[in-house]
1. What aspartates and glutamates does Lys235 reach when the alpha-carbon gap must be under 12 Å and sequence neighbours fewer than 8 apart in one chain are set aside?
2. Would you mind checking Lys11/Lys119; Lys421/Lys457; Lys141/Lys285; Lys11/Lys63 for any pair whose Cα atoms are more than 18 angstrom apart?
3. In debye, nearest 20: dipole of segment 78-147 around its Cα centre with unit charges on the Cβ of K, R (+) and D, E (-)?
4. Find the relative contact order for the chain and round it to a whole percent, using C-alpha pairs within less than 8 Å whose residues are 6+ positions apart.
5. Kindly provide the trypsin sites (Lys or Arg not before Pro) of segment 52-102 that DSSP labels as loop, not H, G, I, E or B, and whose Cβ sees at most 12 other Cβ atoms within 10 Å.
6. Kindly give the semi-axes, whole Å and largest first, of the ellipsoid equivalent to the chain, taking each as the square root of 5 times a Cα gyration tensor eigenvalue.
7. Of all DSSP beta bridges in the chain, what percent run antiparallel (nearest 5)?
8. Using only alpha carbons, build the gyration tensor for segment 292-383 and give me the equivalent ellipsoid semi-axes, biggest first, whole Å.
Amino acid sequence: MELVTNKTLEKLKYDLVRDGLISYEDIEKAQELAVSQNVNIGQILIKSKLISEEKLLKFLESKLHIPYVDLKDYTLDTRCLSYINFNDAQKYRIIPLFKIENVLTVAMADPLDLFAIDKIVEKTGCDIEPVISAESSVLKKIEEYYKSDSSVGEINIENLEATFDWQEELHNDVLSDEHIQILIRAILKQAILNNVHEMFFEHTPNGLSVNFRMNSEIVNTGQIPSVLVVPFISKLKTLSDLDANVCELPQLGKLIFKVDDLLLTASISAFPTINGERISLKIYKPPKNLTDIGLTDSQIDIIRIEIKTPGIILVCGSSLSGKTHIIYSILSDIADSNKNIMTIESISKYNLEKVNQCELNENIGFNIEKAMRFIEFQSPDIIYFEGITSKIALDYFSSLVFKNKILITEFLADNMADLNKKLSYSDFEMFKPLISCIIFVHNQKSIEVFDKNEIKKFMAIV
């Protein structure tokens, strides 16, 4: 199991004992709690009131000879935010403060995380000068300063008429970065108003068409003129942490934006065509509790029972029916089960506490084949993997059931008859008998849950 650690404290924890700040017994107990709760030892020490956060930070400052900076009333140089994107800031608990010549000063909760520093140096091309700050303060500043820049600004739809048209923003003749960001925000706003979860941007002779998928059909909602196409795509890719200078290769990224008080995530796929890059965007809403997604008590009981024994939990439905949303709700529900829960995803939709989420990355060779070779070394108890595209991968993940693993995956099917037909193919010979629970999402208001006995009866699985 990959533990959440603070490399600085792991190295210096016994110095706390030698300096008389904490007893050896307290350190050992805190270490055990950190492992069992999958948090870093510093959080346990502070939460258990074994040492105050201020005293701990002063201790680290004296040992490392790295200055401590209180971020409470600190004003950052917002021009430096472009050096570290929102995702990296959250992942490494790091935020830029200011830049002098080629030296970027950053506040870090874990200044001995050399991997994080190397990563930032590689991306920024700057020399990095770390200072120590409280983890809670760093995360608070990230939320405060990145909420508009990383999430293309807040989108307010309360009291807004459904007749809103994003094309009204095209009347602004000012070609600026701010105008492009307003245009992106307007398109997203209309998508949310129209309850659209997927959209496409496609090149045409006159510009870039903006298409929404509505009721399984693609509907054109307007066109971005040619003069705005390059800056629009560039800004959209930059906000999604994609390389705006690359257009000949596929890229996958993540866009975060705020609607009223709700933080939403969208996956962004850029794919080269002979007419230019085609951009696909899928919007995912935050996962809800199992009790809030329309399931009955008996259905929830079936899921919770089957998730405790080896087998495959199969979540089915048509495209955009909400399969992933259901899976994230299940993962959130079982996160406190003291099990090692891991995911293998093309892109994580939301960060789930106590779940080890893994994103595939073809750019560095981390593909499904590499994941299959190494995931068992992590000793997972429960694995969520997205739809498998090869027979080899399908058989491999199926075989994990015989090693007492619980698998969760999704499957595209329009209805139960369609599901039964697809599972009758020989490729699913090993997979099919191992299904312990089927959750079929017809739509947001209609979800069926089948246990083992019902699966045998309705799906003819033997």
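1. Reachable aspartates and glutamates: Asp149, Asp177, Glu178, Asp243.
2. The answer is Lys11/Lys119; Lys141/Lys285.
3. With Lys and Arg at +1 and Asp and Glu at -1, about 300 debye.
4. 10
5. Those satisfying the criteria are Lys72.
6. Values: eigenvalues 288, 231, 75 Å².
With the √(5λ) rule applied to the chain, the semi-axes are 38, 34, 19 Å.
7. Roughly 60 percent of the DSSP beta bridges within the chain come out antiparallel.
8. 24, 17, 12
Only the coordinates and a few stated rules stand behind these numbers; no lab work does. All values derive from a computational prediction rather than experimental measurement. Cβ: placed from backbone, ideal geometry, glycine included. Neighbour counts: every protein chain shown.
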